[in-house]
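The values are calculated or read from the model by the stated rules, or taken from the named source; none is laboratory data. These figures come from a predicted structure and were not determined experimentally. Virtual Cβ from ideal backbone geometry, glycine too; neighbours counted across all protein chains shown. To get the accessible areas, we keep the full protein, side chains included, count just its heavy atoms, and leave off ligands, DNA and RNA. Shrake-Rupley method; radii C 1.70, N 1.55, O 1.52, S 1.80 Å.
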Amino acid sequence: MKKDSCNVCSSPLGTPLYESADNASITTMNKVIEGRTRVFFCDRCGHLQTSELPDLARYYAEEYAINLASDEDDQLYKVVDGKPVYRAAHQAATALAKLALRPGQTVLDYGCAKAPTLKRMVAAVPGIVPMTFDVTDKYVGFWDAFVARQNQAVGAPAAHWRGTVDVVLSFYALEHVADLQEALAAVRALLRPGGMFYFIVPNVYANIADFVVADHINHFSAASIGAMLARHGFRAESIDDAAHDAAFVVVARQDDAASAGAEAGAGLPPGGEVAASRQRCVEMGRFWGNAATAIRAFEASHPEPARLAIYGAGFYGNFIASSLARPARVECFVDQNRHLQGRQMFDRPIVAPDQLPPAIDAVLVGLNPRVARSIIGEVTAWRNRGLDLFFLEAT
Ligand SMILES: [Zn+2]
């Protein structure tokens, strides 16, 4: 049992940088699960790591059904010039630009679920040979639309694939994986000599919410990605923090020379770079630690009969509700997303901003602190209401 050692470089981890105040943690799917979030920083490779909560296995089992029902193709990535760009489409365009695929090359989406990104890549470069692998057979119906049966695998990759694949793709998977040694070795074994490993993981340095989500146990830095790749016989060709919002897009090549160097600890970042990352992680931990304290102070300064609401039915709003001494005081959540309005959170309705009940006195704003004040400033219906507002403040 390798408890509290670094997932990337196996160094022992010291005391946590951050520990959540309560015995409850929030996941990316906005579910509250039992257990305290503990976040550690590795001073050897610059990796930031969250301890796995015992309840994570059950969480994954339950979320499974939800993921199968939802359509990943509909996840909005960004609105550009008034037109929606969906996540899978952006991921496909980015991968195609970076990989310069040629007809005849085999491209394996590893742990792919419905593989919506690979499907778009095949549509753009019809000659490539798509391959799919996932631990469950639930997605075979989706794969059959564009992947030959002999290029599909369930449970484990097919034995005869070893050493043959030109490109392995992985979208938002490694942040969930405790055993990175096993995962990287498995990918490396599938690739032909000189084959490419292309992956995307979240960048906590660009989205502070990633610091506290309970199911992201790995929070990579460019340095820890480089260390991980070197250790497993890959040469990093590109670690890009700009191609995808709040993410690292990584292109790596299987390289036997890199493998030899890994024995001598090659790929570890210089101490100064690690110290700078540590400082930023300490500040993020302080932000979240102060956030819970400030939320409770605001709550205490508005005792009953003051009536409370929370703006934001996403991660930040959930964090605020979970931090309150008495979450039951929240009468409703406010959100501009029409798909959320009419639903419930914490057994309370989610309403549009202009539907905020007139009796509400104070609103705690659960939005990314970088944009929260400007978003609230644009809510015309609230301008003359004299609401007491609480904002999370950036450090
Ligand atoms: Zn490490």
Completion exercise
Per the helix-only model, the chain has a calculated mean residue ellipticity at 222 nm (DSSP H runs of ≥4, -39500 (n - 2.57) each, divided over all residues, rounded to the nearest 500) of -9000 deg cm²/dmol
Practice task
Quick one: net charge around A362, please, counting Lys, Arg +1 and Asp, Glu -1 for every other residue with C-beta under 14 Å from its C-beta.
Solution key: 0
Practice task
Give the long-range amide H neighbours of Y86: residues separated by 5 or more places, or on another chain, with amide H under 5 Å away, using H modelled in the peptide plane at 1.01 Å from N.
Solution key: Y77
Practice task
Work out how much length Y77 to A93 would gain on full extension: take 0.36 nm times their residue separation and subtract the Cα-Cα distance, in nm to one decimal.
Solution key: 4.5 nm
Practice task
Could you please tell me the mean projected area of the C-alpha convex hull for the stretch 66-259, averaged over all directions and given in square nanometres to one decimal?
Solution key: 11.1 nm²
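If you take the square roots of the eigenvalues of the alpha-carbon gyration tensor of the stretch 302-391 and sort them as a ≥ b ≥ c, do you get rounded (a/c under 1.5), prolate (a/b over b/c) or oblate?
Rounded is the answer for the stretch 302-391, as its axis ratio a/c remains below 1.5.
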Completion exercise
Given the candidates V122, Q105, Q150, the one whose Cα lies deepest towards the positive end of the charge dipole of the stretch 104-159, counting +1 at each Lys or Arg C-beta and -1 at each Asp or Glu C-beta, is V122
Problem - Note, ³J(HN,Hα) from phi for the stretch 148-159, Karplus 6.51, -1.76, 1.60, rounded to Hz, x at Gly and Pro - result: 4, 4, 6, 9, 10, 9, 10, x, 8, x, 4, 4
Fill in the blank from the handout: Taking r as the C-beta separation of R307 and Y60 and R0 as 22 Å, the FRET efficiency to the nearest 0.05 is 0.05
Handout entry: the chain, accessible area per residue, ligands and nucleic acids excluded (1.4 Å, Å²)
Key = 46 Å²
Exercise for the section: Report the FRET efficiency, 1/(1 + (r/R0)^6), for E34 and Q344, where r is their Cβ-Cβ distance and R0 is 22 Å, rounded to 0.05. Expected result: 0.55
Fill in the blank from the handout: For the chain, the longest principal axis of the Cα atoms and the Cα long axis of helix 87-99 enclose an angle in degrees, to the nearest 10, of 40 degrees
Exercise for the section: Grab the other residues whose beta carbon is less than 12 angstrom from that of G14, score K and R as +1, D and E as -1, and report the net. Expected result: +1
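For the stretch 178-303, give the percent of accessible area contributed by carbon and sulfur heavy atoms, probe 1.4 Å, rounded to a whole number.
Within the stretch 178-303, the accessible surface is 54 percent carbon and sulfur.
Could you give the dipole magnitude of the stretch 66-259 about its Cα centre, charging the beta-carbon of Lys and Arg +1 and that of Asp and Glu -1, in debye to the nearest 20?
In debye, rounded to 20, the stretch 66-259 gives about 560.
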Completion exercise
Length gained if D241 through A325 is fully extended, taking 0.36 nm per residue and subtracting the Cα-Cα distance, is 26.5 nm
Completion exercise
In Å³ per residue, the alpha-carbon convex hull of the stretch 239-395 encloses 169 Å³
Handout entry: Fully extended contour minus Cα-Cα distance, from V135 to R383, at 0.36 nm per residue
Key = 84.1 nm
Completion exercise
For the stretch 300-308, Karplus-derived ³J(HN,Hα) couplings (6.51, -1.76, 1.60; θ = phi - 60°; whole Hz; x for glycine and proline) come out as 5, 7, 10, x, 4, x, 4, 10, 10
Handout entry: Packing rank of 247-254, 303-310, 375-382, 32-39, where each peptide gets the mean count of other beta carbons within 10 Å, highest leading
Key = 247-254, 32-39, 303-310, 375-382
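How big, in percent, is the set of alpha carbon pairs in the chain lying more than 28 Å apart?
Within the chain, distances greater than 28 Å cover 51 percent of Cα pairs.
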